[in-house]
Amino acid sequence: MTPLVREGDLVAAGAAVACLRHAPDVCFVAPVAGRVARLSLLPGRRLSEIVLFREASGDVERHDTADAGTAAGLRRLMQGAGIWPWLRRRPFGGMPAHNEVPAAIAVMAADTRPLAPDPATALEGREEAFLRGVAALETLTDGPVLIFSAEGARIPDTGRGAGRIRRLICGARHPQGSAGIRIHQAFPAGLEAPVWDIHAEDVAAFGTLLETGVLPMLRLVRIGGPALREGRLLRTHPGADLRQLTRRIVAPGQHVVLAGSVLDGRPAQWLGPRDRQVSVLPREGAARKPHWLIAALSRSAIAPAIPSAGLDQAFGGALPALPFIRALAAGDDETAMKLGLLSLLEEDVALADYVLSEEGQITAQLRAMLDRIQSEFAP
């Protein structure tokens, strides 16, 4: 990425602070109005982070929406206003290329991860903006726009069940509300048929942008975990300091703060662009180092995956769990792709890792296989 600001600059909320070097139309914007406090660069002048000090009296960036009625104009608006990084493509993950056309778009109005905030709650009072955003997404693809929600969820009715906008119901148990599981069942992603997914609250923010020219940055986030005195449900912005969010509610003792759920979260200082959970866990003490012979035997032992109802449920019954795990372990790219690999990302198999007590092995195998397929087979 190329920074567009310098330390000490005053930026408006929603103003571009960086862009992609190979696609300068794709911008990353300031989540709050503030002053640039630090601009961190890695070797090779690779941008690491931009830290802002919030200014309560700062301005708000307004975007021109005059050309949003066309697919090209809508795409330029999304890229310039900072919505593009909120999209996630399958296969391989990450945001889409600036000129990519998806085979389908999945709008996730369901989230079954432990302690996840209800997307229906995030949409309360924003029904019209959500419908406006969904209708705009339809112009970006020739395929369907799939809205996934739980049974009985208070999701605005598009009234267009016979068209390309369709609502599909998913179960309440994890991972039945996982984007990859739902996409694999409804519209599997392929090497030449990418599928995008986006959170329903981000779609509502997109709809507000189309109406007002201002992109709302606040999102509903739940803070939970066993290392807290109390949990919280609040609205904050992407990039928020996780230590500041949890400072007054953490129980005494050492702890670790994760951006994401207890299943797929990662230690972090800042709230990521797609994160809607903050998990605070007790920090475990250093384990006693085992004898070198026991350690060697443990590393060389191969723990087989045993068929069980729990393992099948870890994939939501969407694909044959045991053959898929064996294909990952054996590095069998062709079999894994036939079974649904290209629709999945790490978060979609995190529950299987938990069930098998693999401590991240399955997610690591999945990522390694996706990276290998992307370098060898991706168009």
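The values are calculated or read from the model by the stated rules, or taken from the named source; none is laboratory data. Please read these numbers as outputs of a predicted model, since none were measured by experiment. For neighbour counting, all protein chains shown are included, and Cβ atoms are generated from backbone atoms with ideal geometry for every residue, glycine included. The protein model used for the area step is the full one, side chains on, heavy atoms only, and it has no ligands, DNA or RNA in it. Shrake-Rupley method; radii C 1.70, N 1.55, O 1.52, S 1.80 Å.
Any residue at all in region 135-142 that's crowded, with 21+ Cβ neighbours inside 10 Å and out of contact with any Lys or Arg (no Cβ under 6 Å at 6 or more places or on another chain)? Looking through region 135-142, at least one residue is crowded, with 21+ Cβ neighbours inside 10 Å and out of contact with any Lys or Arg (no Cβ under 6 Å at 6 or more places or on another chain). Could you tell me how many of the residues in region 325-364 are touching a helix residue (DSSP H, G or I) at 6+ places or on another chain (Cβ under 6 Å), open to solvent by 40 Å² or more (accessible area, probe 1.4 Å) and modelled with pLDDT under 95? Residues in region 325-364 being touching a helix residue (DSSP H, G or I) at 6+ places or on another chain (Cβ under 6 Å), open to solvent by 40 Å² or more (accessible area, probe 1.4 Å) and modelled with pLDDT under 95: 1 in total.
Evaluated against (1) touching a Phe, Trp or Tyr at 6+ places or on another chain (Cβ under 9 Å); (2) among the aliphatic types (A, V, I, L, M); (3) under 30 Å from Ala352 (Cα atoms), Val256 falls short on exactly one condition, (1). You will find that of Gly93, Gly58, the residue that is among the small types (Gly, Ala, Ser), assigned to a loop (DSSP other than H, G, I, E, B) and either buried (at least 17 other Cβ atoms within 10 Å of the Cβ) or touching a Ser or Thr at 6+ places or on another chain (Cβ under 8 Å) (or both) is Gly58 and no other.
Filtering region 202-235 to residues that are under 22 Å from the mean Cα position of the chain (by Cα), closer than 18 Å to Phe28 by Cβ and open to solvent by 10 Å² or more (accessible area, probe 1.4 Å) leaves Leu215, Pro216, Met217, Leu218. Among the residues of region 8-47, the ones that are touching a Ser or Thr at 6+ places or on another chain (Cβ under 8 Å), in contact (Cβ under 8 Å) with a residue 12 or more places away in the chain, assigned to a strand (DSSP E or B) and not aliphatic (A, V, I, L, M) come to 1 in all.
One residue alone among Arg132, Arg154, Arg173, Arg164 is within 26 Å of His237 (Cα to Cα) and at pLDDT below 95, and that residue is Arg154.
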